[in-house]
Amino acid sequence: MTLRITGDWLSGPAPQAVCAMLTDGGHQAWFVGGCVRNALLGAAITDIDITTDATPERVTELARARGFHPVPTGFDHGTVTVVVESHPFEVTTFRRDIETDGRRAVVAYATTIEEDAHRRDFTMNALYAAPDGALADPIGGLPDLEARRVRFIDDAHARIREDYLRILRFFRFHAWYGDPGHGLDAEALAAISANSGGLETLSRERVGIELKKLLSAPDPAPAVAAMAQAGVLARVLPGADATALAVLVHHEAALGVKPDPIRRLACLGGEAHMDRLRLSKADDRRLGRLLEHRGTFASPEELAYRLGSDEARNVVLVTAAMLEKPLPTNLEADLAKGAGAVFPIRPHDLMPSYEGPALGARLQGLEDAWIASGFSLTRDDLLGRA
């Protein structure tokens with residue numbers, strides 16, 4: 001009996017129109033990769049990829065004939081993004097690698113999904129679905145998916161040497177889709193240890209993007225611990241320590257906050273994040289603030305007053321995880337109190353008795369006293385101390 005998958009992402013007018021464009025032109029059309037994998041897992045589907053035996057030139061020709069908008073997003077590697085009613089679909093020609101250097105591949109077009117499947121990374125990503133939802137499993141990846149087992153296709157060493165980023169993808173996929181109770185694939189880990197030096201050849205941007213995706217998983221702690229044990233974490237982020245990450249994930253769940261890769265990156269610590277990961281300026285600023293304040297003895301109220309409630313909450317979470325302490329009681333009320341506090345003294349209140357550096361120092365001293373009082377000192381109280 002043929003297994004079929006269903007869902008609006010597959011049967012909707014736009015995806016079916018792209019498939020019909022290809023099949024009416026005499027070509028194959030298969031949904032592949034994440035959309036098929038996630039449909040079988042019951043997970044959210046964000047991107048819809050289609051593969052075909054039609055060349056990029058032929059896909060472009062067929063798309064234009066149907067009035068669709070073809071965009072050559074990866075033309076040299078066989079990919080054309082076909083836009084139908086504002087919905088983008090990546091259409092990629094069956095491929096096989098003929099030359100790789102660990103960062104990029106020279107590909108040749110293939111004619112069957114069997115050939116195409118053998119150049120993919122993990123068995124759970126080599127599942128295909130016909131336009132009617134009929135599943136095709138050319139390399140036997142379905143049992144691995146059902147067991148939540150992340151396994152390289154064919155020889156793990158060869159797959160890694162084709163693109164060393166697959167080392168990080170292995171840990172990311174385990175964090176998102178693997179069964180933590182079964183551990184990580186031993187053959188994969190051995191190949192990763194033997195080839196981890198290749199990570200140094202990757203662009204820092206690719207490493208940073210992949211690490212953020214990993215740390216966005218509901219519970220990345222087991223995967224990151226395995227990364228550390230395999231020596232991978234030290235290669236991509238020297239000085240990082242995965243010890244407290246599991247505690248942080250526990251605290252996040254207790255507080256009901258969503259995963260935040262920057263919060264979790266602050267928990268890992270490490271050196272030269274901007275150089276090693278090429279974070280965006282916004283992420284780098286956030287990470288810098290969290291690293292500066294983690295481990296602080298300041299109260300949640302003070303942190304919220306100085307940083308705002310959201311970043312203060314992150315500092316409290318990271319600090320509690322690092323020190324293996326419980327979260328403070330009444331945390332949300334304390335954060336709200338601090339975030340809403342307004343220092344009642346203004347510079348002109350102290351002038352002309354104080355001016356210049358003396359004015360700044362006195363304002364700082366009064367503010368420190370006000371914070372230490374739990375924001376209870378009034379304006380008159382503070383002026384009485386001036």
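Things worth noting here:
- Simple spin-label estimate for ARG96 and GLU271 gives 4.6 nm between the two label positions (7 Å along the Cα-to-Cβ direction from each Cα).
- Taking the chain and dividing mean pair separation by its residue count, relative contact order in percent (alpha carbons under 8 Å, at least six apart): 9 percent
- Of the residues TYR305, TYR128, TYR354, the one that moves most in a GNM of the chain with alpha-carbon contacts below 10 Å is TYR354.
- Remark: relative contact order (the range 3-93) = 26 percent; criterion is Cα-Cα distance under 8 angstrom and separation of 6 or more residues.
- Most fluctuating residue given options ASN125, ASN38, ASN314, as computed from a GNM of the chain linking Cα atoms under 10 Å: ASN38
- Under the shape rule built on the C-alpha gyration tensor, where the axes satisfy a ≥ b ≥ c, the range 184-232 is oblate, since a/c reaches at least 1.5 while a/b does not exceed b/c.
- Alpha-carbon Rg/Rh ratio, for the range 2-103, with Rh computed the Kirkwood way: 0.98
- Fluctuation leader among ALA341, ALA126, ALA117 - the chain, Gaussian network, Cα springs under 10 angstrom: ALA341
- Over the C-alpha trace of the range 343-385, radius of gyration and Dmax come out as 9.8, 28 angstrom.
- Structural descriptor for the range 343-385: relative contact order 50 percent, calculated from alpha carbon pairs under 8 angstrom and at least 6 residues apart.
- The angle separating the long axis of helix 13-24 from the principal Cα axis of greatest extent in the chain is about 30 degrees.
- Packing-based exposure ordering (other Cβ within 10 Å, fewest first) of ARG66, ARG37: ARG66, ARG37
- Rounded if a/c under 1.5, otherwise prolate or oblate - the range 182-279, Cα gyration tensor axes: oblate
- Distant-in-sequence amide contacts of THR73, defined by a placed amide H-H separation under 5 Å and a gap of 5 or more residues or a different chain, comprise THR81.
- Ascending count of other beta-carbon atoms within 10 Å, so fewest first, for GLU162, GLU301, GLU324: GLU324, GLU162, GLU301
Values in this text are rule-based calculations from the coordinates and carry no lab data. It should be emphasised that the depicted structure is a prediction, and the values quoted were computed from it without experimental measurement. A quick note on method: Cβ atoms are made from the backbone with ideal geometry, for glycine too, and the neighbour counts reach across all protein chains shown.
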